[in-house]
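The values are calculated or read from the model by the stated rules, or taken from the named source; none is laboratory data. Quick caveat: nothing in here was measured; it's all calculated off a predicted structure. All Cβ positions, even for glycine, are placed from backbone atoms using ideal geometry, and neighbour counts span all protein chains on display. With ligands, DNA and RNA removed, areas are computed over all heavy atoms of the protein, side chains included. Shrake-Rupley method; radii C 1.70, N 1.55, O 1.52, S 1.80 Å.
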Amino acid sequence: MAKNEIPLWEVFIRPRNGLAHKHCGSVHAADEVMALQAARDVYTRRGEGVSIWVVPSAAIVASDPLQKEENFEPTASKIYRHPTFYTVPDEVGHM
Amino acid sequence: MYSQGLIGAKTETNEDEAFLAAFQARIDAEEKIEPNDPMPEGYRRTLIRQIGQHAHSEIVGMLPEGNWITRAPSLRRKAALLAKVQDEGGHGLYLYSAAETLGVSREQMTEELLAGKAKYSSIFNYPTLTWADIGAIGWLVDGAAIMNQIPLCRCSYGPYARAMIRVCKEESFHQRQGYEIMMTLAQGTPGQKEMAQDALNRWWWPSLMMFGPHDSDSQHGDQSMRWKIKRFTNDELRQKFVDATVPQGEYLGLTFPDPELKWNDERGAYDFGAIDWDEFWRVVKGGGPMNRERLAARRKAWDDGAWVREAALAHAEKRRARREATKLAAE
């Protein structure tokens, strides 16, 4: 970050109780108090949420997009991890 | 806004053919491109230019309407206008965030705007002379913006498309509140109706210019269409806007300032007169009635806010240092 650039925060909003916080965007703010206020003004003007998290963007560790295949490809072939892989006779009923 | 965002964008790119073909295949398969994906430099540069200029348009767009907040004719109108101007600020912020994912900083974009290097929509270089202008802006300018922005919700670049979905949801209130203002005036006293007509007369042609140059004169349209940054050409969108808007104006009992405007049964669309492209380019290049004032207002806001930004950063640093000291003392 260059000198005097205002830090970036990622914003997560819980739309209502019972649902998880979900990423919705980012804001620039000098500190966490101002980040929360900015997130409220920018992302919840129409009742979009009941709770906000702000996280410094620099604190997020992300998987490498270049390793997408080795990370996620192996699960595609493991169809036995899904219930539909197994046969249960109709007579047994719903399982 | 919008198609004008491509003005000044350089789409040329110099990756090898295999890279470009692989990228085009992803685009053609309607895969969204995300921030860390490989992309041609020209694609990145075009998007930075377009999204940045779109963001600037939202921010500068707050000025002509902000001009009327204190003079709105009722508390209801004032509350609605405040909410609308606040939305425009929010839209600017969503868009700046989307542009930042491409590796440009907020400060860089702001500097380009203030230095006059980045453009914003030509429409905001016209003055808001009467209250009816607020109605005309909501109805026509936001109407034209929606026409442009709905296809952008399917733009190939993920963060831009997602920002546009939020913007479009909010924008429809803007157009309806504008139309309601026009309707109230059009159904009011003869003087009020005359105000509405005068606003329509002044905003109609500049609204048509918002869609940018004719397809035949648009330098970057083809590549942007291939990359699915744009989905429709400038002329297609302009025609859609005219076809949607003319009946709305007729309902108000107002007339459009274009003697050549008439329904063409054969085309199933309205024919309309020639746009004054000299005026368009004059305004884009800085010679519109309000160019100077708009940039001066943005520069003043930036300069006057400098001490606030500095103080906020200094305060954050002081609190951070104190927390560190307390932690050290406790250990």
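Tabulated results
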| item | result |
| --- | --- |
| Residue satisfying all of: in the range B:256-284; surrounded by 11 or more Cβ atoms within 10 Å (Cβ to Cβ) and part of a helix (DSSP H, G or I); nearest to the chain's Cα centre (by Cα) among these | B:Val284 |
| Restricting the range B:59-80 to residues that are free of Cβ contacts under 8 Å to residues at least 60 places away in the same chain and assigned to a helix (DSSP H, G or I), the residue that is farthest from the other protein chains (Cβ to nearest Cβ) | B:Thr70 |
| Failed item in (1) of a type in the set (Asp, Glu); (2) assigned to a helix (DSSP H, G or I); (3) surrounded by 15 or more Cβ atoms within 10 Å (Cβ to Cβ), with B:Glu310 passing the rest | (3) |
| Candidates B:Gly212, B:Gly273 - the one that is in the same structural domain as B:Thr13 (by the TED database) and within 30 Å of B:Met39 (Cβ to Cβ) | B:Gly212 |
| Output for the range B:23-57, where each listed residue is assigned to a loop (DSSP other than H, G, I, E, B), away from chain A (no Cβ under 14 Å) and open to solvent by 60 Å² or more (accessible area, probe 1.4 Å) | B:Ala29, B:Glu30 |
| Residue check for A:Pro56: under 18 Å from the mean Cα position of the chain (by Cα), free of Cβ contacts under 8 Å to residues at least 40 places away in the same chain and within 13 Å of chain B (Cβ to nearest Cβ) | no |
| Residue, surrounded by the most Cβ atoms within 10 Å (Cβ to Cβ), within the range A:43-59, restricted to residues that are modelled with pLDDT of 95 or more and aliphatic (A, V, I, L, M) | A:Val54 |
| Residue among B:Trp302, B:Trp277 that is farther than 30 Å from B:Met183 by Cα, within 14 Å of chain A (Cβ to nearest Cβ) and touching a residue at least 24 places away in the same chain (Cβ under 8 Å) | B:Trp302 |
| Scope the range B:99-120; condition in contact with a His (Cβ under 8 Å, 6 or more places away or on another chain), within 14 Å of another protein chain (Cβ to nearest Cβ) and open to solvent by 30 Å² or more (accessible area, probe 1.4 Å); matching residues | B:Arg106 |
| Residue within the range B:285-300 that is surrounded by fewer than 18 Cβ atoms within 10 Å (Cβ to Cβ), in a helix (DSSP H, G or I), outside the structural domain of B:Trp204 (by the TED database) and hydrophobic (A, V, I, L, M, F, W, C) present | yes |
| In the range A:1-42, the residues that are open to solvent by 30 Å² or more (accessible area, probe 1.4 Å), assigned to a helix (DSSP H, G or I) and within 8 Å of another protein chain (Cβ to nearest Cβ) | A:Met34, A:Asp41 |
| Scan of the range B:181-197 for residues that are open to solvent by 60 Å² or more (accessible area, probe 1.4 Å) and either closer than 29 Å to B:Ile150 by Cα or not assigned by the TED database to the domain that holds B:Ala80 (or both), ordered by number | B:Thr184 |
| Test: B:Ala199 is in a loop (DSSP other than H, G, I, E, B), hydrophobic (A, V, I, L, M, F, W, C) and in contact with an Asp or Glu (Cβ under 9 Å, 6 or more places away or on another chain) | no |
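For every residue, the table says whether it meets (1) assigned by the TED database to the domain that holds B:Gln177; (2) out of contact with any strand residue (DSSP E or B) (no Cβ under 9 Å at 6 or more places or on another chain); (3) over 25 Å from B:Thr101 (Cβ atoms).
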residue	(1), (2), (3)
B:Ala22	yes, yes, no
B:Lys32	yes, no, no
B:Leu47	yes, no, no
B:Ala55	yes, yes, no
B:Trp68	yes, yes, yes
B:Leu82	yes, yes, yes
